[in-house]
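Accompanying notes for the structure given below.
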Amino acid sequence: MKKALVTGITGQDGSYLAEFLLTKGYEVYGIIRRSSSFNTGRIDPIYEDPHVPNPRLRLIYGDLNDASSLNHAIRTIQPDEIYNLGAQSHVRVSFDIPEYTGDVTGLGTIRLLEAIREAGLKPKFYQASSSEMFGKVLEVPQRESTPFYPRSPYGAAKVYSYWITVNYREAYNLFACNGILFNHESPRRGETFVTRKITKAAARIKLGVQKDLYLGNLDAKRDWGFAGDYIQAMWMMLQADKPDDYVIATGETHTVREMLELAFNRLQLDWKKHVKIDEKYYRPTEVDLLIGDASKAKRELGWEPKVHFEELITMMVDADLAAEKERLEGVRLKR
């Protein structure tokens with residue numbers, strides 16, 4: 001049985017990846033940070049899902065800014081595959097805490113790679129790279145050969161992680177891949193990210209719980225896909241005959257304004273009556289247009305997205321509406 005070690009397992013991608021790997025018969029180990037409150041909500045259902053065969057999921061304490069915990073985990077588990085999904089991943093927040101973002105998102109990767117090297121093991125390694133590395137884009141669409149021009153501390157940290165992964169692949173003959181994933185969303189997306197912020201607000205406004213939604217740049221264009229599709233691409237990269245780097249994207253771009261229209265129309269609402277612009281949500285340096293070319297992944301891995309933009313937004317709105325109704329019913333019953 002293969003063993004996989006996943007950082008960021010409690011996040012959106014980590015939870016989908018854990019479910020997927022379990023269905024493939026893996027034993028999955030997830031690194032979680034010690035906290036005064038539990039943050040395992042996204043992966044709790046895995047323990048209860050009867051459709052996942054032989055669920056083997058173990059959580060261990062560790063942190064990407066603590067090399068000793070990473071060394072211990074890798075030496076103890078001796079994983080066949082390592083997926084580095086952990087990061088301070090909020091782009092706007094990275095301007096507020098740039099040093100922490102660089103430490104976890106950037107240096108955290110080299111701590112993992114060094115732990116692998118020092119242990120003398122040869123697991124396959126996946127690094128979660130990001131379309132934010134392209135930043136002020138120098139080519140449209142963006143592909144594996146497009147130069148990087150990051151426009152945030154987060155993007156810069158991801159560029160460091162990308163190149164150090166390539167360096168360790170070439171220097172130590174490590175099977176290491178970068179997945180340059182464009183924006184990918186789901187009902188499990190964090191509530192501070194613009195997609196989930198919009199779908200959750202639409203549901204709350206429909207139910208009379210919330211009146212207004214405050215946003216920043218409505219003209220920013222992104223290539224949005226479904227996280228459940230994208231985590232399969234991660235796994236496919238590590239099953240290939242040789243390690244390489246791949247752009248994972250839908251090849252379509254949409255504005256935040258388009259997303260607003262879809263989400264609010266789903267609930268028969270006029271977004272213009274509820275959305276307010278707040279300058280605090282603007283980034284000091286903006287990324288205006290991201291659109292990826294995933295033809296290499298399709299050609300070499302056989303990967304392509306299944307869920308389209310409209311389906312994705314509908315899925316998220318419906319999930320948030322159902323969750324908000326359930327929450328309100330719980331509040332009513334407690335009275």
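The values are calculated or read from the model by the stated rules, or taken from the named source; none is laboratory data. Here the structure is a predicted model, which means the values were calculated and not measured. Counting neighbours? That spans all protein chains shown, and the Cβs are built from the backbone with ideal geometry, glycine included.
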Inter-residue pairs, beta-carbon under 7 Å, first assigned to a helix (DSSP H, G or I) and in segment 162-173, second small (Gly, Ala, Ser), 6+ apart: Tyr162/Ser129; Thr165/Ala176; Tyr168/Ala176; Arg169/Ala176
Within segment 279-322, considering residues that are within 18 Å of the chain's Cα centre (by Cα) and without any contact (Cβ under 8 Å) to a residue 60 or more places away in the chain, the one farthest from Ala202 (Cα to Cα): Ala294
Tally of residues being more than 24 Å from Arg92 (Cβ to Cβ) and either among the hydrophobic types (A, V, I, L, M, F, W, C) or touching a residue at least 60 places away in the same chain (Cβ under 8 Å) (or both) across segment 174-222: 7
Boolean, Leu269 is in contact with a helix residue (DSSP H, G or I) (Cβ under 9 Å, 6 or more places away or on another chain), surrounded by 20 or more Cβ atoms within 10 Å (Cβ to Cβ) and at pLDDT 95 or above: no
Which numbered condition Tyr230 fails, given (1) hydroxyl-bearing (Ser, Thr, Tyr); (2) over 19 Å from the mean Cα position of the chain (by Cα); (3) in the same structural domain as Val93 (by TED's automatic domain parsing): (2)
From the options Glu329, Glu304, Glu300, Glu324, residue that is under 28 Å from Val93 (Cα atoms) and not assigned by TED's automatic domain parsing to the domain that holds Asp244: Glu324
Pair list, Cβ < 8 Å and 6+ apart or interchain, from segment 52-74 residues that are aromatic (Phe, Trp, Tyr) to residues that are at pLDDT 95 or above: Tyr61/Ile31; Tyr61/Ser69
Restricting segment 293-306 to residues that are part of a loop (DSSP other than H, G, I, E, B) and touching a helix residue (DSSP H, G or I) at 6+ places or on another chain (Cβ under 6 Å), the residue that is surrounded by the most Cβ atoms within 10 Å (Cβ to Cβ): Pro305
Pick from segment 272-292, criterion under 17 Å from Tyr154 (Cα atoms) and part of a loop (DSSP other than H, G, I, E, B), ranking: modelled with the lowest pLDDT: Glu286
Count of residues meeting criterion [buried (at least 20 other Cβ atoms within 10 Å of the Cβ), in a loop (DSSP other than H, G, I, E, B) and out of contact with any Lys or Arg (no Cβ under 9 Å at 6 or more places or on another chain)] in segment 135-147: 1
Selection within segment 168-219 - under 23 Å from the mean Cα position of the chain (by Cα), under 30 Å from Asp244 (Cα atoms) and among the acidic types (Asp, Glu): Glu185
Qualifying positions in segment 197-214 - closer than 21 Å to Asp318 by Cβ and not β-branched (Val, Ile, Thr): Lys197, Lys200, Ala201, Ala202, Ala203, Arg204, Lys206, Leu207, Gly208, Gln210, Leu213
Of all residues in segment 164-196 being buried (at least 23 other Cβ atoms within 10 Å of the Cβ) and of a type in the set (Gly, Ala, Ser), the one that is farthest from Leu238 (Cα to Cα): Ser186
Residue, surrounded by the most Cβ atoms within 10 Å (Cβ to Cβ), within segment 205-245, restricted to residues that are of a type in the set (Gly, Ala, Ser) and farther than 22 Å from Met259 by Cβ: Ala233
Filter result for Ala87 (outside any helix (DSSP H, G or I) and in the same structural domain as Gln127 (by TED's automatic domain parsing)): yes
Segment 82-117, residues that are under 17 Å from Glu132 (Cα atoms) and of a type in the set (Lys, Arg): Arg92
